[in-house]
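The values are calculated or read from the model by the stated rules, or taken from the named source; none is laboratory data. The structure displayed is predicted, hence computed values, not measured ones. Virtual Cβ from ideal backbone geometry, glycine too; neighbours counted across all protein chains shown.
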Amino acid sequence: MIRNLPRLADTTFDLLVVGGGIHGLAVAYDAAQRGLAVALVERGDFGSGLSFNHQRTVHGGLRSLQTFDLGRARESIHERRALARVAPHLLRPLPFLMGTYRALTRGRLALRAGFRVDAFLGRGRNRDVVPELHLPAARLVSRAACARLFPGIRTDGLTGGAMWYDYQTIEPHRLTLAFGLGADAHGAVLANYVEAREAIREGGRIAGMRARDLLSGADLDVRARVTLNAAGSHAGRVMGAFGVARPFPLVTTMNLVTTRPVSELALAAPAADGRTLTLVPWHGRALVGTSQSVETTDVPDLTPTAAEVDAFLADVNHAFPALQLGRADVALVHRGLVPAATGRHGQPTLRSRSDVRDHAADGVPGALTVVGVKYTTARSVAARAVDRVEKMLGRPRTACRTETQALPGAGIADVEALAIENARRARLDLDEDVLRALTRVYGTRCPGVIAVAGERRELAERLTPGCAVLKAEIVHAVREEMAVSLADAVLRRTALAHTAAPGPDVVDAAAALMAGELGWTAERVESERAALHAALTVP
């Protein structure tokens, strides 16, 4: 992927997508696959908003059964399977356990009934999925087994446990980026750090957006027959640019990466207010979530306060008493903004359903807004949106292939042999840990990184001795994956900040490599280091 702003300005596209989170990238990928001329602009980096700040799981919609929302549960099961088919190298099965109690909704009878419905809806969950990703059926376990597997579980009224399986995204940033790489491979023109500011109008119709390159300050017009707003927490602002005055309330959410070691079993338990929290193993550490603000906001501010972190820690310690987390145990804070709805008693809650809005109904033809609420179902929401775009363009409906077409990096099965062969051709002696990391992160795209490593001996070295990331990965991120800031490379192209902020030696090495590629001054290097530090600081 290369930032080609002249092409953005010189072409009239079929579709302009505003927003480069998972929903926007999935729309661009699907539309480009169907043969549309597609542009996408993102005011930050790809996947830098809620698509980055989530709990790294792909859910099958079991919770939807609690509200008898069978349609949503069916969609989630279907999309969980679709992601397992198109990106198997980036997922792994993850067992979940929660206690059962003498209660209506958390009792064994209710959960047994829910599991039977889930088994019926998900009877094809493993069809055409590689055996390594087959998910066992959900089941109930005994009280003794639950107490043994769930340290510190509240035993008062405990009758047993309920266990089910979903997927964990091993490299979540790479899964999001894969949709962008797929869009690029099918001819879409993508650019990060380009902000859509004002609508272009032709005869009352939206005909694209006036945008600004936030790196150079230059303005450009991006013209398109249809403009689709997938700007996430900024969707309300973009709707305003269309001339659509609609409230777009948001609630803030938060997950915490801790320093605590945990088993490979995810746990679920209620907080004091009854909301279900989950503890997920994340590269050997406990990742806990998800908190939700009690008030809505229309300001896209992702900066958490110390008071918010402390309040969430209290909730986590209520749900998982064995942890007893303190501020010193928090390594990273992941913060997101999610579309809100009004729940019971007028309290804000997470919006439960995604939406594709055609603004012709608002008197603004040529514009759509996608309101996405769940990472797992982004692909299917994108497919519905592109169906609508084709109708608006007067084109016959084209079959969507994103459900079965492997994403970039998810090709052949024996990726390790591919990596070894390419390392041999490049005359590189890469150790097993590095080869394993390359194949896990890049899949069949690892030869591109290995080719960069073969350019000179220094690039085949680790960033620092204790780090499995090669210097070549930073250079590859700049040249091939549109990384233009230090945070892009460290947070969203490599695995350097999965469980904690990287040390100063790692940051210095990465910054020096990017400075060499992009011609940064010493002042620019220092500002990049400061921005990365701010993004990783725990309040």
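Brief remarks follow.
- Test for GLY44: is it crowded, with 23+ Cβ neighbours inside 10 Å, touching a residue at least 24 places away in the same chain (Cβ under 8 Å), of a type outside the set (A, V, I, L, M) and in contact with a Gly (Cβ under 9 Å, 6 or more places away or on another chain): no
- Within the range 362-378, considering residues that are surrounded by 21 or more Cβ atoms within 10 Å (Cβ to Cβ) and of a type in the set (Gly, Ala, Ser), the one farthest from MET239 (Cα to Cα): ALA378
- Here is the figure for the range 316-325: residues that are surrounded by fewer than 20 Cβ atoms within 10 Å (Cβ to Cβ) and either out of contact with any helix residue (DSSP H, G or I) (no Cβ under 7 Å at 6 or more places or on another chain) or basic (Lys, Arg) (or both) total 4.
- Residue, farthest from the chain's Cα centre (by Cα), within the range 379-404, restricted to residues that are over 17 Å from HIS23 (Cα atoms) and surrounded by 15 or more Cβ atoms within 10 Å (Cβ to Cβ): MET392
- Filtering the range 96-141 to residues that are within 28 Å of VAL288 (Cβ to Cβ), modelled with pLDDT of 90 or more and polar (S, T, N, Q) leaves only THR100.
- In the range 3-15, residue surrounded by the fewest Cβ atoms within 10 Å (Cβ to Cβ) [restricted to those that are out of contact with any helix residue (DSSP H, G or I) (no Cβ under 9 Å at 6 or more places or on another chain) and in a strand (DSSP E or B)]: THR12
- Looking only at the range 411-444, and only at residues there that are touching a Ser or Thr at 6+ places or on another chain (Cβ under 7 Å) and small (Gly, Ala, Ser), the one that is modelled with the lowest pLDDT: GLY411
- Within the range 183-241, no residue satisfies the criterion of being over 25 Å from the mean Cα position of the chain (by Cα), β-branched (Val, Ile, Thr) and outside any strand (DSSP E or B).
- Residue in the range 268-276 that is under 23 Å from GLY20 (Cα atoms), in contact with a His (Cβ under 7 Å, 6 or more places away or on another chain) and either part of a strand (DSSP E or B) or touching a residue at least 24 places away in the same chain (Cβ under 8 Å) (or both) present: no
- For the range 27-60, residues that are of a type outside the set (D, E, K, R), more than 19 Å from ALA82 (Cβ to Cβ) and assigned to a loop (DSSP other than H, G, I, E, B) total 11.
- Exactly one residue out of ARG197, ARG212, ARG225 is farther than 19 Å from ASP362 by Cα, buried (at least 18 other Cβ atoms within 10 Å of the Cβ) and not aromatic (Phe, Trp, Tyr): that is ARG212.
- Looking only at the range 277-307, residues that are part of a strand (DSSP E or B) and buried (at least 17 other Cβ atoms within 10 Å of the Cβ) come to 14 in all.
- GLY24 vs. criteria under 27 Å from LEU214 (Cβ atoms), assigned to a helix (DSSP H, G or I) and at pLDDT 95 or above: yes
- Looking at ASP505, ASP488, just one residue is surrounded by 16 or more Cβ atoms within 10 Å (Cβ to Cβ) and in the same structural domain as ARG427 (by TED's automatic domain parsing), and that residue is ASP488.
Conditions tested, residue by residue: (1) of a type outside the set (D, E, K, R); (2) surrounded by 19 or more Cβ atoms within 10 Å (Cβ to Cβ); (3) at negative phi; (4) out of contact with any Ser or Thr (no Cβ under 6 Å at 6 or more places or on another chain).
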| residue | (1), (2), (3), (4) |
| --- | --- |
| LEU104 | yes, no, yes, yes |
| ARG116 | no, no, yes, yes |
| ARG139 | no, no, yes, yes |
| ALA144 | yes, no, yes, yes |
| ARG154 | no, no, yes, yes |
| LEU158 | yes, no, yes, yes |
| ALA162 | yes, yes, yes, no |
| PRO172 | yes, yes, yes, yes |
| LEU175 | yes, yes, yes, no |
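- Residue within the range 69-87 that is surrounded by fewer than 19 Cβ atoms within 10 Å (Cβ to Cβ) and either of a type in the set (S, T, N, Q) or free of Cβ contacts under 8 Å to residues at least 24 places away in the same chain (or both) present: yes
- Within the range 310-324, the set of residues being in contact with a strand residue (DSSP E or B) (Cβ under 7 Å, 6 or more places away or on another chain), modelled with pLDDT of 95 or more and aliphatic (A, V, I, L, M) comprises VAL316, ALA319.
- Filtered residues of the range 242-252 (kept if surrounded by 19 or more Cβ atoms within 10 Å (Cβ to Cβ) and not in a helix (DSSP H, G or I)): VAL244, PHE248, LEU250, VAL251, THR252
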